[in-house]
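Let me begin by presenting the structure, written as C-alpha cells, before commenting on it.
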Amino acid sequence: MKKPLTAILTLLVLSSALFAAAPHYDKGSQLFSFKVGTTLPTFTYFFGSKDLKGGLGEGKTGMQVGGYGGISYQVFNTPYTAIGGEIGYNFNFAVDKELFTAVPFYAKYSYLPLQGKWEIPISTGLGFAYIKYKDAQLMTLYTNLEVGVTWYPGEHWGVALNTGLWLIPEFNYNDALKKDNALAGFVPITVSVTYRQ
Amino acid sequence: MKRTLTCILTITTLLTLLFTSCNADASAGLFKQLADAKKPVEIRYRQIIGKDGTDLYFLTNDGIYNYKTDGNTTTTVRENKKGHPVYEAYLDTTNDLIIYLINGGGNAEIHQMKTDGSGDIKLTTTVAEDLDAGWKMKQLLANGLFVIKGTDTVGQTDSFLVAEYQNGPPAEYDKKVLLDDLPGYDRDAVLQMSGRQHWGIGGFNDTTFNAPMILSFVTSGGSYEHYYTDGAFFHQLTSLDKSLAGFWTNGTSLYLITKDGNLYGSVVPAGPGSTAPTPMKDLSRQFPSNAFVYGMSSGGTTHLITKTKTANEALFVVSFADDTITTPVNTKVISTGYASQMSNVNIVSAFEKSAGNLLIATEKNGMFDITITDAATGEGSSAGPEDYTL
C-alpha cells in the first residue's frame with residue numbers, strides 16, 4: 001500500500017518540478033466543470049463502538065455503488081492554484097432498496113502542478129453536506145481529497161478522469177443517537193468536462 | 001469582504017444546527033441505519049393465517065399461500081386480483097375453509113373457499129344479529145370473528161357487533177357481544193395477543209387456546225375508549241385516553257402498552273363494568289399500531305417482549321414481578337439470541353407454535369422462526385429468513 005502511494009507522490013512532485021516553469025494559467029483564469037460518475041461506499045466507522053464496517057452491501061456499509069453529478073467553478077489566485085466551490089448530488093441505494101442521498105456543497109482549493117494539454121489537478125474540499133436516509137436527515141460537515149487527469153484537445157475544452165476520497169461525519173446532538181456518531185468514507189470515480197479561460 | 005464571509009459562515013452554521021436537530025426525529029443514527037439495513041425478501045407478508053396439520057397458510061401482498069412443510073412446497077391458494085387484494089383471512093381448520101375479506105368497490109366483501117382455493121363463494125347475507133340493515137363490515141379477525149358497525153335495533157347509532165358467521169339457514173352474522181351506542185366513535189384498533197391471534201375468543205386459557213381481545217375506539221377529536229372482551233361481555237378500561245398499541249394477559253393480570261410508550265396494569269376483568277388500569281411506567285419508546293407484545297414468565301418475573309418503533313433496536317423487554325401492577329419495572333434492549341435478526345424489521349404477524357416458539361412474519365424481510373429460552377438475557381435462537389418449521 002505504501003509503495004504505490006510513494007510512487008504517486010514522487011511522480012506528482014517530479015511533474016510539478018518539470019512543468020512549474022511553464023504555467024498555462026494566470027491569476028484570474030477560470031475553470032468551469034461538469035462532473036458525473038459513480039461513488040463507492042468504502043467504510044463507516046462508528047466512534048462509540050469503535051466498529052469499522054468496510055465495503056459494499058449487507059453487514060458492511062449497507063450501501064451499493066451509487067452515482068454523483070456536480071458542477072464546480074474555480075478561479076486561479078496564483079498560476080498554479082485555484083479556489084472555488086462545488087455543489088453536487090450523490091445517491092446510493094441501500095441493500096433494503098431505500099435511497100441514501102447526499103448533497104455536498106463545499107469550498108475547493110486545487111493545485112495544478114502539470115498544466116497545458118495534460119493537467120493533473122489535485123483538489124481538497126471543505127464544506128457541508130445534506131444527507132438523508134429513511135427517517136434520518138441532517139446537515140453535516142463534508143471534506144474530500146481528489147486527484148484527476150485532464151486532457152485538453154483544444155484551447156478551452158477538456159475532459160478528465162477523477163478519483164479521491166470523501167469523508168462525511170455524522171454528529172448527533174440527541175443523546176439517544178450519540179452512540180451512533182460515525183464517519184463515512186466514499187471513493188468517487190468521475191469523468192468531467194472542463195471549460196477553461 | 002470580511003463581513004460577507006462572516007455572514008456566509010453564520011448562515012451555514014445556523015443551517016447546520018437546524019438540520020442536525022432534524023435528525024432528532026430519527027429512530028437511529030443515519031449511517032447506523034444504513035449499516036444495519038437488510039436485503040428485502042421478495043415476499044411481503046401481511047398475516048400468518050394459521051396452521052392445519054403440516055400446512056401453513058399465510059397472506060402476502062400477492063395473495064393467500066399454502067406452505068406444505070412435508071413437501072417443502074408453496075402453492076398459491078388465492079392470487080390477489082387488481083383492485084381487490086385480500087386484507088384479512090381466517091383459517092377454519094374444522095371445515096377446511098378459508099374465509100377472507102377483500103375490498104369490493106369501496107365496501108368490504110367476505111368470501112369463503114376451500115383450503116385448496118376451490119369453491120370460492122361470496123357470503124351475501126344481509127343479516128347481522130341485533131343490528132338494523134345497512135350495517136358496515138369493518139374487519140375479519142384471525143380468530144374467525146367479524147367486527148361490524150351499525151345501528152342497533154333500538155336505534156342507537158355507532159354500535160359495534162362482534163359476531164361469528166353462521167351458515168344457516170338462515171345465514172347470518174350471529175352476535176358474540178354487542179357494544180351499542182358509541183356516538184361519534186369509530187374503530188381505532190382491534191387488539192389481539194401477539195402469536196395467539198388465531199386462538200378462539202374467551203378468557204385466557206392456554207390449554208383450550210382461548211384469548212380475549214380489546215376493541216379501541218376514537219372520535220375525530222382524538223378521544224379514546226377501550227373495551228376488553230372475552231366474547232361473553234364487554235368491560236370498559238377507563239382513564240386511558242390514549243391509543244393502545246398492544247396488550248398481554250396471563251389470565252390473572254392484564255398489561256397494556258400505549259403507542260406513546262406507557263405501560264398500564266390491571267386485574268383481568270371478570271365481568272361487565274369498568275376498571276381504570278394503573279400506570280406502571282413510561283417506557284420512553286414509541287410503539288406502532290398492533291405492536292408485537294409477547295409475554296413469558298420465569299422465576300417469578302414476567303417479561304413482555306416487544307417491538308418498538310426504534311428500528312435498530314431488535315426487541316425491547318419489559319420486566320416486572322409476576323402479577324404485580326406496581327414498580328419496579330425494568331427494561332432492556334435484547335439484540336442477541338432469539339432477537340438477533342429483529343433489528344430493522346417490521347413485524348406484521350406472529351404465530352405461536354408452542355410457548356416460546358414463534359414464527360415471526362415481517363413486512364419486507366421474510367419469516368423467522370425464533371425460540372425464546374430466556375426472555376431476559378436473549379438466550380434462544382433465530383432461524384431464517386424463510387427457514388422455518390412447524
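If you go through region A:126-139 one residue at a time, how many are free of Cβ contacts under 8 Å to residues at least 40 places away in the same chain and more than 7 Å from chain B (Cβ to nearest Cβ)?
So the answer is 3.
Scan region B:55-78 for residues that are farther than 14 Å from B:D116 by Cα and in contact (Cβ under 8 Å) with a residue 60 or more places away in the chain and jot them down.
B:T69
Here is a list: B:Q156, B:Q139. Which entry is within 23 Å of B:A189 (Cα to Cα), open to solvent by 50 Å² or more (accessible area, probe 1.4 Å), of a type outside the set (G, A, S) and touching a Leu at 6+ places or on another chain (Cβ under 9 Å)?
Sole residue among the options that is within 23 Å of B:A189 (Cα to Cα), open to solvent by 50 Å² or more (accessible area, probe 1.4 Å), of a type outside the set (G, A, S) and touching a Leu at 6+ places or on another chain (Cβ under 9 Å): B:Q156.
If we keep just the residues of region B:107-135 that are of a type outside the set (V, I, T) and open to solvent by less than 30 Å² (accessible area, probe 1.4 Å), which is modelled with the lowest pLDDT?
If we take residues in region B:107-135 being of a type outside the set (V, I, T) and open to solvent by less than 30 Å² (accessible area, probe 1.4 Å), then B:A128 is modelled with the lowest pLDDT.
Just to be sure before I move on: is B:N290 open to solvent by 50 Å² or more (accessible area, probe 1.4 Å), assigned to a loop (DSSP other than H, G, I, E, B) and either in contact (Cβ under 8 Å) with a residue 12 or more places away in the chain or under 22 Å from A:G59 (Cα atoms) (or both) in the structure I sent?
yes
Might you check whether a residue that is within 8 Å of chain B (Cβ to nearest Cβ) and either surrounded by 22 or more Cβ atoms within 10 Å (Cβ to Cβ) or under 26 Å from A:A82 (Cα atoms) (or both) occurs anywhere in region A:182-189?
Scanning region A:182-189 turns up at least one residue that is within 8 Å of chain B (Cβ to nearest Cβ) and either surrounded by 22 or more Cβ atoms within 10 Å (Cβ to Cβ) or under 26 Å from A:A82 (Cα atoms) (or both).
Among the residues of region A:115-138, count how many are open to solvent by 20 Å² or more (accessible area, probe 1.4 Å) and closer than 22 Å to A:G185 by Cα.
10
I need a count of the residues in region A:139-178 that are out of contact with any strand residue (DSSP E or B) (no Cβ under 8 Å at 6 or more places or on another chain) and either among the hydrophobic types (A, V, I, L, M, F, W, C) or open to solvent by less than 10 Å² (accessible area, probe 1.4 Å) (or both).
Final tally of qualifying residues: 2.
Among the residues of region B:42-58, are any open to solvent by 60 Å² or more (accessible area, probe 1.4 Å), at pLDDT 90 or above and polar (S, T, N, Q)?
Yes, that holds for at least one residue.
Which of the following residues is more than 14 Å from every other protein chain (Cβ to nearest Cβ), among the basic types (K, R) and more than 29 Å from B:E88 (Cβ to Cβ): B:K332, B:K307?
Step by step, each of B:K332, B:K307 is checked, and only B:K332 is more than 14 Å from every other protein chain (Cβ to nearest Cβ), among the basic types (K, R) and more than 29 Å from B:E88 (Cβ to Cβ).
If I go through region A:151-181 residue by residue, how many of them are of a type in the set (S, T, Y) and either closer than 16 Å to A:I71 by Cα or within 14 Å of another protein chain (Cβ to nearest Cβ) (or both)?
Going through region A:151-181 one residue at a time, the tally reaches 2.
Look through region B:327-381, keep the residues that are assigned to a loop (DSSP other than H, G, I, E, B) and touching a Phe, Trp or Tyr at 6+ places or on another chain (Cβ under 6 Å), and return whichever of them is surrounded by the fewest Cβ atoms within 10 Å (Cβ to Cβ).
Per the stated criteria, the residue is B:V329.
The values are calculated or read from the model by the stated rules, or taken from the named source; none is laboratory data. The shown structure was predicted, so the numbers you read here are calculated from the model rather than taken from an experiment. Positions of Cβ are generated from backbone atoms using ideal geometry, with glycine treated the same way; all protein chains shown enter the neighbour counts. Areas reflect the complete protein model, heavy atoms only, side chains present, ligands, DNA and RNA absent. Shrake-Rupley method; radii C 1.70, N 1.55, O 1.52, S 1.80 Å.
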